[in-house]
Amino acid sequence: MALRLYDTKTATVRDFVPLEPGRVSLYYCGATVQGRPHVGHVRSAVAFDLLVRWLEHIGFAVTSVRNVTDIDDKILEKAAASFAADFAGGDDGADPAGEPWFALAHRFEQAFHAAYDALGVRRPTYEPRATGHMTEMFALIERLIEAGHAYPAEDGSGDVYFDVRSWPAYGELTRQALEDMQDAPDADPRGKRDSRDFALWKGHKEGEPETAAWDSPWGRGRPGWHLECSAMSTKYLGSTFDIHGGGLDLRFPHHENELAQSSAAGDGFARHWLHNGMVTYEGEKMSKSVGNTISPDEMLAAARPTAVRYFLGQAQYRSPLDYRPGALQEAEAAVERIETFAARAVETLGEDAVAAAAQQVPAEFAAAMDDDLNVPAALAALHETVRAGNTALDEGAADVAAARAAAVRTMVSVLGLDDVPEAGSGAVSAEHAALAALVDGLLAERAEAKAEKDFARADAIRDRLAAAGVMIEDSREGSRWSLPKEARRG
RNA sequence: GGUGGGGUGGCCGAGUGGCGAGGCAGCGGCCUGCAAAGCCGUCAACGCGGGUUCGAUUCCCGUCCCCACCUCCA
């Protein structure tokens, strides 16, 4: 069984063969921290988190690097706008006035971390920032100029461009011929040899903050968007590394340009290109201008965090992920089916029995994950195991049930579903202990009533607990209580 | 115009040249004092028109429609 992954560059699913046996180097594009995270960002992060978890599960040591683009046009624009006299709080009305660009970038960087953390997306090995890698970028530009693939702008603007006509392979990632590419309607041909040449370095402009300009061999300025990823990926992962990833919308121009400038500079660069699909809202791409967006925060308000993660990861990563009202509730039902079995198994068999069983995933699950991370098929294997485990519990087949429970536990872990912080989980609080004591007392009373066939009294106790948000489930082993989602959501 | 990806049962979503995943929802049953949970059964699909084939949802041709990208975009 070998891992196979789709590769954008060859447009095929092919065997994944790491550069170094047992090790995987992964670079994937994180956010330009110019606004709050939206669902697309977290979907991408979950997709690559799933990749890392599966790689680790099958025995690879993974070095993952995700960049933070903390300097770009939009960041500067938004920061500049916050100084306007009539500033009204930006997109969501909550942005502070008079915020310097670096403060804005840093604030949103933290918002991204909060969103990732809330969904159990583990931190990459390293998260380099563009602004921290000027010397690496200068070196790359110099190599490109020396090789004849880049040139300082001919209009004295201080810009430096990549010369696409000097690089015949340009367009290879997305299989486009230069001639077929539409000129950008707003492309400013000033100083460019070809309108499709892209900026490696942007000369400082009048009115831009001095803090957003760095001295370079070509004058003061700031980096172009694509350069940082080439510079940072090769710095931390080597001139050739295994996987480069990002959202589908980054294929062109971002990744095409990265590939061009890195290979033109002589780097082997990424051996495998992975792109996750977009998130849609009832079939349409989410976009601010259409107004059909839902934020990670709104999702977390609508469903349990674990269910949100389940939803974001449940489609195959290359497929569009379609959100529609009700989708999160369906995910919640699926998650609770899995959790109910896991809890039931531990209650019936004991934690030791489950922990002692082999922590292996079913062959179907492994085969699905190996097949370009076919999560839907893997989830089918997971649910099938849950069903088999429930049957084993019903039949009193303890060994089988323990094995199924252990397998479920491992699959849940590979999918990162046990890594999502839930309200009320974690350390047992004093409040929880007090609640448990009270509920247990009532349950004992109810058991007594049931034993006496006083069902009216038993039901009254159940109703009373239900009114307080505590749900009771009876079984042969006794009654268990829980705080279902409605109560937790508060 | 160019490039890539799609159209599967009530909804989501895998997959396959014949034995038709999985989840959610529905229906029937079992279990239960009642419920909940669980289990069993059940309903039901492959955009349209041709072709290849003993047989196609799966391969080929045509056609319609949808989505994404083409220098802001995860």
**Item:** Failed item, numbered, when A:GLU347 is tested on (1) loosely packed, with under 15 Cβ neighbours inside 10 Å; (2) free of Cβ contacts under 8 Å to residues at least 60 places away in the same chain; (3) more than 30 Å from A:TRP201 (Cα to Cα)
**Value:** (2)
**Request:** For the stretch A:443-457, enumerate the residues that are part of a helix (DSSP H, G or I) and either within 13 Å of RNA strand B (Cβ to nearest atom) or in contact (Cβ under 8 Å) with a residue 60 or more places away in the chain (or both).
**Result:** A:LEU443, A:GLU445, A:ARG446, A:ALA447, A:GLU448, A:ALA449, A:LYS450, A:ALA451, A:PHE455, A:ALA456, A:ARG457
**Item:** Tabulated pairs, the stretch A:458-486, first over 25 Å from A:ALA307 (Cα atoms), second acidic (Asp, Glu), C-beta under 7 angstrom, 6+ apart or interchain
**Value:** A:ILE461/A:GLU445; A:GLU477/A:GLU347; A:SER479/A:GLU473
**Asked** Name the strands (runs of 3 or more DSSP E) wholly within the stretch A:226-299 that hold at least 1 residues that are over 28 Å from A:ALA139 (Cβ atoms), of a type outside the set (A, V, I, L, M, F, W, C) and without any contact (Cβ under 8 Å) to a residue 60 or more places away in the chain?
**Response** A:279-281
**Complete:** With criteria (1) exposed (fewer than 12 other Cβ atoms within 10 Å of the Cβ); (2) modelled with pLDDT of 85 or more, A:ALA458 comes up short on (1)
**Fill in**
Exactly one of A:VAL24, A:VAL46 is in a strand (DSSP E or B) and either of a type in the set (Phe, Trp, Tyr) or assigned by TED's automatic domain parsing to the domain that holds A:GLU208 (or both), and that residue is A:VAL24
**Asked** Could you count how many residues in the stretch A:112-133 are of a type in the set (A, V, I, L, M) and surrounded by fewer than 17 Cβ atoms within 10 Å (Cβ to Cβ)?
**Response** 1
**Prompt:** Of everything in the stretch A:299-339 that's basic (Lys, Arg) and more than 27 Å from A:TYR6 (Cβ to Cβ), which residue is nearest to RNA strand B (Cβ to nearest atom)?
**Reply:** A:ARG337
**Residue within the stretch A:366-374 that is under 14 Å from A:VAL386 (Cβ atoms), touching a residue at least 40 places away in the same chain (Cβ under 8 Å) and surrounded by fewer than 20 Cβ atoms within 10 Å (Cβ to Cβ) present** = no
**Prompt:** Would you pick out the residues in the stretch A:19-65 that are acidic (Asp, Glu) and either in contact (Cβ under 8 Å) with a residue 40 or more places away in the chain or within 9 Å of RNA strand B (Cβ to nearest atom) (or both)?
**Reply:** A:ASP49
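The values are calculated or read from the model by the stated rules, or taken from the named source; none is laboratory data. Since the structure is predicted, the reported quantities are computational estimates derived from the model, not experimental observations. Using ideal geometry, Cβ is built from the backbone for each residue, glycine included, and neighbour counts are taken over all protein chains shown.
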